[in-house]
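Asker: Take this structure, written in structure tokens, and hold onto it; I'll ask about it next.
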Amino acid sequence: MPILKLSLRAWRASPGSQVGASLISSALLLCVALLLCLELSIQSARGRVERENRVTVFLAPGGGPDSEMQVTDRIVQSLGAHAETPVHSKFVSIADTMAFLREKHPELHAELRDLGQEGEALVPRAVHLTASFDEGRLGEAVSQVKKIQGVDSVDSTESRAAAVGPAIRGLQWLLRLLTLGVVAAWILGWMALARSHAASLSGIAGPLRLWGAGPWTARAPGILAGLWVGLPAGAIAAVAYAFLARPALQKLATSSALFEASAIPGVSGVLVLVMTSAVAGIASGALSGSAEA
Amino acid sequence: MITLRQVSRWYPGSTTDRSRVLDQLELDLKKGEFLYVIGGTGAGKTTLLRMLATEELPSSGTLSLFGYDLSAVSPSTLRTIRRSISTIPQRVQLLSDLTVFENISMAARAAGSRASGRDSRDRIFELLEKLGLSAKRDRPASELSGGEAQRVAIAQALARKPELILADEPTGAQDPDSAWGILDLLLRENLSGTTVMIATHDREMVRRVRKKTAFLKNGRMQLHVEEGPCRF
Ligand SMILES: Nc1ncnc2c1ncn2[C@@H]1O[C@H](COP(=O)(O)OP(=O)(O)OP(=O)(O)O)[C@@H](O)[C@H]1O
Ligand SMILES: [Mg+2]
């Protein structure tokens, strides 16, 4: 009991500064958590984009809309069996291509239109598909697709993210730098708090040691004093995360392809915040206690 | 129990022989003995007691407690040694935000006594009674007078049930009557087998209760073992 009472010295002497320390520490911790979430989510988005392949399948001439549908379904199924991610497909019909040509290449469009039926046979119908494939699986998938009846030819490209990759990587480094800075500020804050706690608890560890108390008993008031800031700070950060930050992140994930909802931790994130803050409090008390002895 | 062999103590910056606070002390104190350490102001009484309390090490020589050479003990042995020693410091510093009772119980508990809570509480109440502090039991230590604080320090020392008591001017802040009360407490503790060492410049006390006496002067120690009539 006396140890508990001593550990609350700082709270009794200057409650304002302890509340302030808790708030600041929780804010910094929350910043770190958010930055890490963004980083993780960008990391996974980058992986996805970098591994994404585009396959274009040209259909053989002939066959009505029904057969187009069937062939497209078969292609999607066949690719899906080899892909790591769901296959996204887009069918480009003759009408689509003609509309495109009329817009961009009017002469060509006019020529084809003048050719009538024959011209239409020249216009390609294609299915554009995107999905991620593991190394080597793309070739296999393409050769399977080629065997499907009604398929004329298949074009496949490697990653289409060649240009986006470096930009995302730059963003990631920026985020890491920011994280590092905030973590440094957080640690610095804890060191300052540990010093002020050690000052307010000076004169306790000395007698305790001389009375033969173990090193941890002598440090107990400092450790507890750290915990009395670390726990509220962790709790505040956890509440702010659960009710403000996490919903915001989730909103971001649904509206932007760059973020993934699956990279936003739920209960585990809340626990990690509380634990991290508590451990910081304990560590600050233990380290400042060893400096005093 | 206590063995000093050529123990000297000087402070950094004054390494010449003449500035040694304590110079080549020799002492053997057995379990259950009682020793006065007397000497004038600055004679080195506090320094000697601080070394025995393991607060500082000798600058040279060998100091052994309970058979352990203090310059070569493991931390855990040092802890065990410390649990067997109680000091009553010359400058008492209590934890001002704790009550009198809490100050004492903390000192007792740090000794690792596995006595049940009630036993140790009863013992503390008894000590407070003997020291005339019952009324102050639940008052914060910051409210105590100098003499009262000193009595709390004495209660702290005795509540630990030590094997060795090192008392530095334990009656320095007491009126003559309470001084005798405290000496009486310490003598009783000695009778029950505890080794007691009292540093004092109160020659009246030494005259009235004759015991083995060590005189400190100019860093040297002179031992008077006989318990016969007073010679000073
Ligand atoms: N930490 C220190 N640094 C330097 N000198 C010290 C230190 N501690 C004690 N001394 C010196 O050692 C000498 C002995 O001091 P000590 O406190 O042991 O005397 P004392 O016999 O207890 O005196 P008093 O009766 O006044 O309590 C003094 O001259 C003091 O100045
Ligand atoms: Mg002294």
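The values are calculated or read from the model by the stated rules, or taken from the named source; none is laboratory data. Fair warning: this is a prediction, and the values are worked out from it, not measured in the lab. When we count neighbours, we look across all protein chains shown, and the Cβ atoms used for this are built from the backbone with ideal geometry, even at glycine. Protein only, heavy atoms only, side chains kept; ligands, DNA and RNA dropped before computing areas. Shrake-Rupley method; radii C 1.70, N 1.55, O 1.52, S 1.80 Å.
Asker: Given H placed on each backbone N at 1.01 Å, which residues far from B:Arg139 in sequence or on other chains put an amide H within less than 5 Å of it?
Answerer: So B:Arg139 has HN proximity to B:Val100, B:Phe101.
Asker: Could you run the numbers on buried accessible area between B and A, total for both chains, 1.4 angstrom probe, in Å² to the nearest 100?
Answerer: That pair hides around 1500 Å² of surface in total.
Asker: Something else now. For every other residue with a beta carbon closer than 11 angstrom to the beta carbon of B:Ala149, add +1 if it is Lys or Arg and -1 if Asp or Glu, then tell me the sum. Mind dumping the intermediate values first?
Answerer: Values: positive: B:Arg91, B:Lys136, B:Arg151; negative: B:Glu143, B:Glu148.
Here the count lands on +1.
Asker: Calculate the FRET efficiency for A:Thr56 and A:Val267 from the Cβ-Cβ distance with a Förster distance of 41 Å, rounded to the nearest 0.05.
Answerer: 0.40
Asker: Got a sec? Which residues of region B:42-60 lose 20 Å² or more of accessible surface with every protein chain in place, vs. that chain alone, 1.4 Å probe?
Answerer: So the qualifying set is B:Glu55.
Asker: Hey, what's the Cα Rg ratio for region A:110-243 versus the globular rule of thumb, 2.2 N^0.38 Å?
Answerer: Dividing the Cα radius of gyration by 2.2 N^0.38 Å gives 2.37.
Asker: Please identify the trypsin sites (Lys or Arg not before Pro) of region A:123-152 that satisfy two criteria: DSSP loop assignment and at most 16 other Cβ atoms within 10 Å. Which are they?
Answerer: Filter output for region A:123-152: A:Lys147.
Asker: Hey, another quick one. Per 0.36 nm of contour for each residue apart, how much would the distance between A:Leu4 and A:Ala27 grow if the chain were fully extended, relative to their Cα-Cα spacing?
Answerer: Value of the extension gain: 5.6 nm.
Asker: Using R₀ = 35 Å, calculate the FRET efficiency as 1/(1 + (r/R₀)^6) where r is the Cβ-Cβ separation of A:Ser14 and A:Leu178; round to 0.05. Each step should come with its number before you reach the end.
Answerer: Details: r = 31 Å, r/R0 = 0.90.
Once rounded, the FRET efficiency stands at 0.65.
Asker: In chain A, which whole DSSP H runs stretch at least 18 Å along their own axis (Cα) and average 1.0 or higher on the Kyte-Doolittle scale?
Answerer: In chain A, the long hydrophobic H runs are A:164-200, A:215-240, A:267-292.
Asker: Past 30 Å, Cα to Cα: identify those pairs from B:Lys30/B:Lys217; B:Lys31/B:Lys130; A:Lys5/B:Lys31; A:Lys104/A:Lys251; A:Lys90/A:Lys147, in the order given. Mind showing how you got there, number by number?
Answerer: Numbers: B:Lys30/B:Lys217 23 Å; B:Lys31/B:Lys130 25 Å; A:Lys5/B:Lys31 38 Å; A:Lys104/A:Lys251 38 Å; A:Lys90/A:Lys147 20 Å.
Over 30 Å apart, Cα to Cα: A:Lys5/B:Lys31; A:Lys104/A:Lys251.
Asker: Quick one: what are the phi-derived ³J(HN,Hα) couplings along region B:100-106, Karplus 6.51/-1.76/1.60 with θ = phi - 60°, whole Hz, x for glycine and proline?
Answerer: 4, 4, 5, 4, 6, 5, 5
Asker: Consider a paramagnetic label point 7 Å from the Cα of A:Ser143 along Cα→Cβ; state which residues of region A:69-99 have an amide N under 18 Å from it.
Answerer: A:78-83
Asker: So what are the ³J(HN,Hα) numbers for region B:47-63, from phi and the Karplus equation (6.51, -1.76, 1.60; θ = phi - 60°), rounded to whole Hz, Gly and Pro as x?
Answerer: For region B:47-63, the Karplus-derived couplings read 4, 4, 5, 5, 5, 5, 7, 6, 7, 9, 9, x, 6, 8, x, 10, 10 Hz, x marking Gly and Pro.
Asker: Taking the Cβ of A:Leu59 as the centre, find all other residues whose Cβ is under 10 Å away and add up their charges (Lys, Arg: +1; Asp, Glu: -1).
Answerer: Details: positive: A:Arg125; negative: A:Glu68, A:Asp152.
Summing Lys and Arg as +1 and Asp and Glu as -1 gives -1.
Asker: Mind checking the mean number of beta-carbon atoms from other chains within 10 Å of the Cβ atoms in A:216-224? Before the final figure, lay out the partial values.
Answerer: On the way: counts 0, 4, 1, 0, 0, 1, 0, 0, 0.
Mean shielding count: 1.
Asker: Using alpha carbon centroids, what distance separates region B:122-186 and region A:43-118, in Å?
Answerer: 96
Asker: Could you provide, to the nearest whole Å², the per residue accessible area of the protein assembly as shown with probe 1.4 Å?
Answerer: I get 51 Å² per residue for the protein assembly as shown.
Asker: Related question: How large is the direction-averaged shadow of the alpha-carbon convex hull of chain B, in nm²?
Answerer: 13.1
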